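The values are calculated or read from the model by the stated rules, or taken from the named source; none is laboratory data. No experiment lies behind these values; they were computed from the predicted model shown. Note: ideal-geometry Cβ built from the backbone for every residue, glycine included; neighbour counts use all protein chains shown. Only protein heavy atoms, including side chains, enter the accessible area calculation; ligands, DNA and RNA are left aside. Shrake-Rupley method; radii C 1.70, N 1.55, O 1.52, S 1.80 Å.
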Amino acid sequence: MRVVVDLTRCQGYAQCVFLAPDVFQLHGEEALLYDPAVPEDQYERVRQAAAACPVQAILVGEEVSAGVR
Amino acid sequence: MSGDLKEGRIVVVGASLAGLRAAEALREKGFTGSLTVVGDEPHPPYDRPPLSKHVLLGNASAYSTGLPMRRDPEAEWRLGVRATGLDPVGKRVLLGDGSSLPFDRLLIATGTRARPWPVPEEAALDGVFTLRTSDDAARLAERLSAGPRRVLVIGAGFTGSEIASVCRERGLEVTVTERGPAPLVGALGGTLSKLAAAMQRAHGVDLRCGVTVTSLRGNGRFTGADLSDGTRVDADVCVVAMGAVRNVEWLADSGLAADPRGIACDAGCRAFDMYGIVTDDVFVAGDVSRFPHPLYEYQLLSLEHWRNAVDQAEVAAHNMISPGPLRRPHLSVPTFWSSQFGYNIKSVGVPTFSDEVVIAQGSLEARRLVMVYGYRGRVTAAVTVNMAKSLDYYERLIESAAPFPPPPGAADRRAAAEVPLPSDVPDPSRLSHGPTVALTGYLPDRRLVLAKPTG
Ligand SMILES: Cc1cc2nc3c(=O)[nH]c(=O)nc-3n(C[C@H](O)[C@H](O)[C@H](O)COP(=O)(O)OP(=O)(O)OC[C@H]3O[C@@H](n4cnc5c(N)ncnc54)[C@H](O)[C@@H]3O)c2cc1C
Ligand code: SF4
């Protein structure tokens, strides 16, 4: 599972940081850093974070692989 | 007719952010025909912004930034294959492996690449890098982890500044050279560039402005560089961060309006041919495009911004499968972010389209502020430093062409900030870094052209 945050939309509310601190961290006062490759034991937390983000800036999903030739 | 448009053959060239999001949107909007995405990189679409931040810090692998799909676009992916030409009459994309792909409609999303150091023998020295792809990031991250004595960064635009920030955070000595008067000046103008310079120096960057690098030295391996002021920097890693070049060469014989500034298209993402006649089957999205925007007097904008690639891809996809009256314009206000030295810098609008600025909230001393940009009495842009939550308010002012200076909108507005200052946007040809927003038309009172390679 991969995660990408639309950082133009993110306003640093940090809900994601509380819900999945192993994946999302604040760097300085409001710059969000995150680990794009989500470890399996974090899937549930990251899904919760995506749902909780007040500006819906977090997208989780699979990366392209099928059909690549 | 709209039924027909949802069938047929669509080819997307460029398998990155814009290409992936367009492919997804085509399916979301009901395209049932055949969809092929061609990309010359061997990797599936991945996200670039983390490369100069998380990845260089050593916190994530360069190959871990694969973009999540919103949905599977059920496309045929031709990865590791370069498009070498376009036959607009026969409606075929020519590929590097000698084959060709027929299409009914084409989306061009070939983006940009890093501008290389202009002297090939010097660029080939071991230890000289550029940063655009995951392969670049992997090599550079490895070299930074090896603990070089000093890193030289050429060009203090966003990418160069972010790299310098990472170096300091990793405890590495770093020298930054910039031909212009200060970092980020090409994107943010004079006042904020002074703050950027102060931030760099406060974090221990050896920042040298108003100088150019005249040559890179080394015998096989990079050892240092000579500067135009006669000094010499000894370093074992050099990152060339002199802006980007648009990937348009493959379209040289296509008859499209493709030149080093990008591919010109209309607000509906349809490409212009070289006579300025709009095509109806070739569309453009992302960093490779330039498009007219009514908020900026219909000048053609070239944006190297993540959000623009996403928004424009969405509009292009919609218009590729919708008949004329149902087509939509790409009118979103440009916006981007950068994080460096622990600060979060966000921008909305086009800061270079300005003659005056005012600090509307916060202050330079507090290192937290909103800078509002105006052009001839209306608000055209705003930049926040660690005040991202205010950005939406200013976006609305820009969209409604609100008067500049803006009315007091926030409680902590200071009296001193009410005096507008000149915005001090330089001619980009005098910078080492390319501006990441370029107005490719003109302002009546100013010459704005794309930066050329600098020596
Ligand atoms: C290090 C870095 C940091 C960044 N940070 C930020 C940031 O903080 N904020 C922000 O807003 N933006 C940032 N950006 C910019 C953002 O990544 C781009 O705006 C975005 O990638 C544009 O997407 P695109 O799909 O238009 O083009 P690209 O991502 O450039 O993709 C184009 C693709 O097409 C391929 N291609 C080119 N020519 C051909 C051909 N002839 N045939 C086949 N394939 C071809 C290329 O190899 C590439 O894979 C950053 C970019 C970089 C490199
Ligand atoms: S919850 Fe959303 S807005 Fe808040 S920091 Fe995370 S991504 Fe940003």
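Points to keep in mind about this one:
- Each residue in the stretch B:188-201 was checked for being free of Cβ contacts under 8 Å to residues at least 12 places away in the same chain and either under 23 Å from the mean Cα position of the chain (by Cα) or open to solvent by 50 Å² or more (accessible area, probe 1.4 Å) (or both), and 1 of them qualify.
- Extreme residue, modelled with the lowest pLDDT, among residues of the stretch A:7-31 that are more than 7 Å from chain B (Cβ to nearest Cβ) and part of a loop (DSSP other than H, G, I, E, B): A:Tyr13
- Checklist (1) aliphatic (A, V, I, L, M); (2) buried (at least 19 other Cβ atoms within 10 Å of the Cβ); (3) within 11 Å of another protein chain (Cβ to nearest Cβ) applied to B:Leu79, failing item: (2)
- Looking across the stretch A:32-51, the residues that are within 29 Å of B:Met199 (Cβ to Cβ) and either touching a Ser or Thr at 6+ places or on another chain (Cβ under 6 Å) or more than 7 Å from chain B (Cβ to nearest Cβ) (or both) come down to A:Leu32, A:Tyr34, A:Pro36.
- Residue among B:Ser52, B:Ser34 that is open to solvent by 40 Å² or more (accessible area, probe 1.4 Å) and in contact (Cβ under 8 Å) with a residue 12 or more places away in the chain: B:Ser34
- Where B:Arg27 falls short, out of the listed (1) more than 14 Å from ligand 1 (Cβ to nearest atom); (2) part of a helix (DSSP H, G or I); (3) within 30 Å of B:Gly342 (Cα to Cα): (3)
- Qualifying residue in the stretch B:303-313 (condition: part of a strand (DSSP E or B), hydrophobic (A, V, I, L, M, F, W, C), within 14 Å of chain A (Cβ to nearest Cβ) and farther than 24 Å from A:Leu59 by Cβ): no
Listed here are the residues, each with its yes/no results for (1) within 23 Å of B:Ala388 (Cβ to Cβ); (2) among the charged types (D, E, K, R); (3) within 16 Å of ligand 1 (Cβ to nearest atom).
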position: A:Asp6; (1), (2), (3): yes, yes, yes
position: A:Tyr13; (1), (2), (3): yes, no, no
position: A:Phe18; (1), (2), (3): yes, no, no
position: A:Pro39; (1), (2), (3): no, no, no
position: A:Ala57; (1), (2), (3): yes, no, yes
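- Output for the stretch B:141-189, where each listed residue is more than 14 Å from ligand 1 (Cβ to nearest atom) and within 14 Å of chain A (Cβ to nearest Cβ): B:Arg168, B:Glu169, B:Arg170
- Counted residues, the stretch B:351-390 - those being touching a Ser or Thr at 6+ places or on another chain (Cβ under 7 Å) and open to solvent by 10 Å² or more (accessible area, probe 1.4 Å): 4
- Being more than 16 Å from ligand 2 (Cβ to nearest atom), crowded, with 24+ Cβ neighbours inside 10 Å and either among the small types (Gly, Ala, Ser) or in the same structural domain as B:Thr84 (by TED's automatic domain parsing) (or both) is a property that does not hold for B:Phe272.
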